[in-house]
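What follows is calculated from the coordinates using simple rules that are stated; it is not laboratory data. All of these numbers come straight from a predicted model, not from anything done at the bench. Neighbour counts run over all protein chains shown; Cβ positions are idealised from the backbone, glycine included.
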Amino acid sequence: MSARQPPAGRRPEELRRWQRELRRQFPILTAHPELAYLDSAATAQKPQAVLDAVTAYLTTANANAGRGTYPWANETTRMVERTRLRVKEFLGDPDPDRSAVHFTSGTTEGLRTVARDWLTAFLTDGDEILVPFTDHRANLDPWLEAQALLAARGVRVRVRALPVQPESFDYDHRALAAVVGPRTRFVAATHVHHVYGADMNVQRIRAAVGPDVPICLDAAQSVGHLPIRVGPGGLDVDFVVFSGHKALALPGTGAVWARGARGPELRPGGWSGTPNTVGIASLEAALGWLDAAGLDRVAEWTTALATRLTDRLRHLPAYEVLGCQASLGADTALPPQQRRRGIVSLRHRDIPSDDLGFVLFSHGFMVRADSLCQAGADERGVVRISPHVYTSEEEIDRLATVLATLT
Ligand SMILES: Cc1ncc(COP(=O)(O)O)c(C=O)c1O
């Protein structure tokens with residue numbers, strides 16, 4: 001593990017050196033210097049340390065977890081428990097002895113687990129829940145399914161939209177105060193929007209709903225991208241759900257973190273079924289790698305790349321930059337909690353997104369150019385660019401230059 005944090009007070013050149021050193025650790029990128037992977041919001045590339053951890057696990061201890069008495073089984077169980085603790089540390093959990101971590105295949109399954117295994121047992125007739133209607137579908141469908149399940153049992157639950165500001169799609173915290181009522185029992189929110197890159201300022205949701213309403217956070221686009229600290233004074237939420245595969249671990253990995261008493265409520269049965277042990281081993285390595293790299297610098301780098309791109313696009317009238325990112329470069333005085341993150345979605349005035357995707361790939365750029373799985377939005381024509389720590393400034397500059405030729 002050679003990723004090292006640059007000293008405090010570093011100059012941009014030191015940050016660039018730090019990034020170049022990290023990028024060299026991604027074999028798929030060094031093998032294909034002609035390609036630029038810019039679809040990290042869908043899934044991220046994997047550093048050598050993660051590949052090594054997977055090989056090491058499979059060649060020294062591959063067995064089932066939570067059962068068996070022989071050394072490989074014991075080591076697998078220890079590794080899974082170690083990773084649970086790693087997730088808690090990674091999230092800055094102030095109470096790791098009481099909280100719980102449940103492994104899933106990704107954010108979709110994690111949100112479904114909270115909806116199906118916890119929410120349906122928690123709500124009673126006449127309760128209301130607030131959920132996002134313009135975020136990723138994975139953070140809407142499970143709540144509607146829970147509502148239908150409860151309705152079949154004669155329990156009526158009202159699902160209300162978490163209010164958003166029409167221009168930016170940020171949550172509208174003023175309007176929120178008006179929809180919170182005495183029967184509000186649960187809120188689902190998104191930490192960073194997967195299309196607009198907005199940091200949704202979820203701390204203010206806690207202020208609006210009070211201390212007792214459980215909040216479930218879809219952190220698919222924030223875990224592995226920026227430092228996270230759960231608990232009072234940080235992200236004061238009850239559940240954090242994320243995808244390991246977007247945080248440099250293998251596909252088919254993810255987790256639900258549940259605070260304090262919510263842990264046993266979520267999964268009272270303990271071990272059941274065979275967990276994705278290989279994926280969990282990769283998650284342990286990925287979180288360790290990201291910690292060593294420094295999440296504050298990862299966030300600084302990817303946010304700077306998004307600013308760099310939007311600054312270039314601002315001068316190209318053929319492009320519309322969607323949502324909050326439109327104001328990213330123009331307003332550097334935004335307070336930190338309103339900072340925009342490393343995702344830029346754009347639309348060309350005349351070129352459909354599929355065509356734009358093909359043209360960009362002919363220049364070596366892999367971007368998201370079909371459905372973005374956003375609920376309640378017109379996705380036609382939208383192309384999403386999502387870098388990670390391995391993305392270079394040079395790739396972003398080349399992309400901007402190619403986009404400029406398509407006006
Ligand atoms: C905000 C958000 N939520 C949920 C998901 C679904 O994640 P997964 O594919 O790991 O289930 C994504 C993936 O794109 C996402 O960006």
For segment 119-124, what does the Karplus curve 6.51 cos²θ - 1.76 cosθ + 1.60, with θ = phi - 60°, yield as ³J(HN,Hα) per residue in whole Hz, taken in order and with x for Gly and Pro? 4, 5, 8, 9, 8, 10
Burial ranking of peptide ranges 373-386, 165-178 (average Cβ count within 10 Å, highest at the top): 373-386, 165-178
Among DSSP beta bridges whose residues both lie in the chain, state the antiparallel percentage, nearest 5. 55 percent
Around GLY66, which amide H atoms from residues at least 5 apart in sequence, or from another chain, sit under 5 Å from its own amide H, with H modelled in the peptide plane? THR77
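Using only the Cα atoms of segment 1-148, build the gyration tensor, take square roots of its eigenvalues as a ≥ b ≥ c, and label the shape rounded, prolate or oblate: rounded if a/c is under 1.5, else prolate if a/b is larger than b/c, else oblate. Don't jump to the answer; show the numbers that get you there.
Working: a/c = 2.02, a/b = 1.35, b/c = 1.49.
Oblate, because a/c is 1.5 or more while a/b does not exceed b/c.
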Could you run the Debye sum over the Cα atoms of segment 194-258, one equal point scatterer each and no solvent, and tell me log10 of I(q)/I(0) at q = 0.18, 0.21 Å⁻¹, two decimals? -0.68, -0.89
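At a 10 Å Cβ-Cβ cut-off, how would you order PHE242, PHE90, PHE361, fewest neighbours first? Present the calculation step by step, with values, prior to reporting the outcome.
Values: PHE242 30, PHE90 24, PHE361 14.
Ascending number of Cβ neighbours within 10 Å: PHE361, PHE90, PHE242.
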Gain in length, THR60 to ALA161, computed as 0.36 nm per residue apart minus the alpha-carbon separation, to one decimal in nm? 31.4 nm
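Test of understanding: what is the full-extension gain from LEU35 to ALA121, defined as 0.36 nm times their sequence separation minus their Cα-Cα distance? Walk me through the numbers before you get to the answer.
Details: separation 86, 0.36 × 86 = 30.96 nm, distance 4.82 nm.
Here the segment from LEU35 to ALA121 would lengthen by 26.1 nm.
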If you take the beta carbon distance between ALA151 and ARG204 as r and set R0 to 22 Å, what does 1/(1 + (r/R0)^6) give as a FRET efficiency, to the nearest 0.05? 0.10
Over the chain: Kirkwood hydrodynamic radius from C-alpha pairwise inverse distances, Å: 22.0 Å
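Calculate for the chain the 222 nm mean residue ellipticity that helices alone would give, adding -39,500 (n - 2.57) per DSSP H run of length 4 or more and normalising by residue count, nearest 500 deg cm²/dmol.
The per-residue figure over the chain is -11000 deg cm²/dmol.
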Note, segment 372-377: 3J(HN,Hα) by Karplus (6.51, -1.76, 1.60, θ = phi - 60°), whole Hz, Gly/Pro = x, goes 9, 6, 8, 6, x, 10
Compute the Cα gyration tensor for segment 222-307, then decide on rounded, prolate or oblate, letting a ≥ b ≥ c be the square roots of its eigenvalues: rounded whenever a/c is under 1.5, prolate when a/b is larger than b/c in the other cases, and oblate in all that remain. oblate
When N is the residue count of segment 53-292, what does its C-alpha Rg come to as a fraction of 2.2 N^0.38 Å? 1.02
By average C-beta atoms within 10 angstrom, highest first, the peptides 74-87, 134-147: 134-147, 74-87
If you place +1 on the Cβ of every Lys and Arg and -1 on the Cβ of every Asp and Glu, how big does the dipole about the Cα centre of the chain come out, in debye to the nearest 20? 480 debye
Find which of GLY92, LEU399, VAL187 sits farthest along the positive direction of the dipole of the chain, computed with +1 on the beta-carbon of Lys and Arg, -1 on that of Asp and Glu, about the Cα centre. GLY92
Positive-end extreme of charge dipole, the chain - chosen from HIS102, TRP257, GLY68 (charges on Cβ): GLY68
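Any chance you could run the full-extension gain for ALA261 through GLU379? It's 0.36 nm times the residue separation minus the Cα-Cα distance, nm to one decimal.
38.5 nm
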Would you mind calculating the relative contact order of the chain from Cα pairs under 8 angstrom and at least 6 residues apart, reporting the percent as a whole number? 23 percent
How many nm is it between the label spots at GLU75 and ASP212, if each spot is 7 Å from the Cα in line with the beta carbon? 5.0 nm
